[in-house]
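The values are calculated or read from the model by the stated rules, or taken from the named source; none is laboratory data. Just so you know, these numbers come straight off a predicted model, no measurement behind them. Here the Cβ is made from the backbone with ideal geometry for all residues, glycine too, and neighbour counts use every protein chain on show. Accessible surface areas use protein heavy atoms only, side chains included; no ligands, DNA or RNA. Shrake-Rupley method; radii C 1.70, N 1.55, O 1.52, S 1.80 Å.
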Amino acid sequence: AKTIHRLLEFEYSGEDGDRPGFRRNENDLLEENVIIIDESSMIDNILMCSLLKAVKPGARVILIGDSDQLPSIGAGNVLRDLIDCGRFATVKLNEIFRQAQASLIVTNAHKINNGEMPVMSVKDNDFFFLPRSTDAEIAQTVTDLCLTRLPRKYGEEAVSGTQVITPSRKGVAGTENLNVSLQEALNPPSRDKREYKHRDRVFREGDRVMQIKNNYELEWFRDDDSEGTGVFNGDIGVIENINISSQTVQIKFDDRYVNYEFTLLDELEHAYAITVHKSQGCEYPFV
C-alpha cells in the first residue's frame, strides 16, 4: 500500500526545481494490472487525471470510497460524478458493521444523507446533541466532556478513546485553541513528565500528537525487533519519552516506535482535537 503520489513518483523538476509533477505518466506507464484506490472521495480532478494517464491499457482500476463523505480539498467531486454518470459498474454496501442497527448514529447518518433532519431529542442512545450559543461555551463543554463527563459515564476507555473533531483550525472552538485547552486539562504540567517547547507548542510526555506530512525516511521499530521506514500524514501517536540531552522525542504509533529529532517537530502537532478532513477514514470509540 502506498499513496498515489508515491505510486506516481512525485518529484520537482524545472531549472529551479520548483515545478511539481509525476515521473510516471503516459510516457512511463505503471506495471500493475490491477490498482485499488481507497478513500476515493478525496481524489481531486488533477490527481485523478495524473493517475489515469499512467495506467497501462488493459489494467483495471477499482475505486473504493464513500461518496457521502467530504469531497476533495482540490477542485472536483470525482467519485460522486463517476457514480452519477452511470457509465461504470458500481457496488454499494448498505450493511452497517461499526454500530448496531439500532444505533442512532446510523439512523441519523441515513437521515442526513436523505436530506432529513436528524433525531436530536433522544437522551439514552449513542448520539447526543448539546446546544451551545457561543464558541467559548462550545470549547468549555468539549473540555468538560473529555475531562469528566464521558469518563464518569463510560469509564477508563473514554479517557484515551475520545477524539474531538471540529470543522475549523481557527477560532475559539477550532483545533488550535482546543488542543491548548485539552492538553492543559488532560495532560497538565507535572514533575514526572518532561516537556520541550518548540516554537509556540509545548510537547509533553503523554501528549497525543499527529504526523502532518508524509515522511518516507523516518525509521520505526517494534517490540518484536521488526523495523521499517515511513510515517504518514494523519498517523496519531502518544509521546512516550522526551530526551533533552539527545534532543529526541520518542512517539508510539499503535505498536511502532519512532524517534524524532527536535528539528523534525514541525512535522507534528497535537491531536486532542483534529479537523474533519484529518479524521476521514478513521474510527474512534467516542467522538
Going through region 127-141 one residue at a time, which ones are part of a helix (DSSP H, G or I) and either closer than 22 Å to residue 103 by Cα or of a type in the set (Ser, Thr, Tyr) (or both)? 141
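Name the residue that is farthest from residue 66 (Cα to Cα), counting only residues in region 107-125 that are open to solvent by 60 Å² or more (accessible area, probe 1.4 Å) and among the small types (Gly, Ala, Ser). Write out each step before concluding.
So in region 107-125, the residues open to solvent by 60 Å² or more (accessible area, probe 1.4 Å) come out as 110, 112-117, 120-121, 123-124.
Now restrict to residues that are among the small types (Gly, Ala, Ser): 115, 121.
On the way: 115: 17, 121: 28 Å.
Restricting to residues being open to solvent by 60 Å² or more (accessible area, probe 1.4 Å) and among the small types (Gly, Ala, Ser), the top hit is 121.
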Looking at region 126-150 only, could you name the residues that are open to solvent by 80 Å² or more (accessible area, probe 1.4 Å) and closer than 16 Å to residue 183 by Cβ? 140, 147
Checked against (1) surrounded by fewer than 12 Cβ atoms within 10 Å (Cβ to Cβ); (2) in contact with a strand residue (DSSP E or B) (Cβ under 7 Å, 6 or more places away or on another chain); (3) basic (Lys, Arg), residue 2 satisfies every condition except (2)
Condition first: in contact with a Lys or Arg (Cβ under 7 Å, 6 or more places away or on another chain) and under 29 Å from residue 111 (Cβ atoms). Now tell me which residues in region 23-70 satisfy that. 67
Within region 85-106, take every residue that is open to solvent by less than 70 Å² (accessible area, probe 1.4 Å) and modelled with pLDDT under 90 and give me the one that is farthest from residue 61 (Cα to Cα). 103
Considering only residues of region 12-56 that are surrounded by 13 or more Cβ atoms within 10 Å (Cβ to Cβ), farther than 23 Å from residue 71 by Cβ and not aliphatic (A, V, I, L, M), which is nearest to the chain's Cα centre (by Cα)? 21
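Would region 77-84 turn up any residue that is modelled with pLDDT under 90, within 25 Å of the chain's Cα centre (by Cα) and either part of a loop (DSSP other than H, G, I, E, B) or not charged (D, E, K, R) (or both)?
Quick first cut of region 77-84, residues modelled with pLDDT under 90 only: none.
No, region 77-84 has no match at all.
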Select, from 29, 63, 47, the only residue that is touching a Ser or Thr at 6+ places or on another chain (Cβ under 7 Å) and either of a type in the set (Asp, Glu) or in contact (Cβ under 8 Å) with a residue 24 or more places away in the chain (or both). 63
Hey, can you tell me all the residues within region 154-194 that are within 19 Å of residue 235 (Cβ to Cβ), small (Gly, Ala, Ser) and open to solvent by less than 60 Å² (accessible area, probe 1.4 Å)? 161
Any hit, region 230-237, residues being touching a residue at least 60 places away in the same chain (Cβ under 8 Å) and out of contact with any helix residue (DSSP H, G or I) (no Cβ under 9 Å at 6 or more places or on another chain): yes
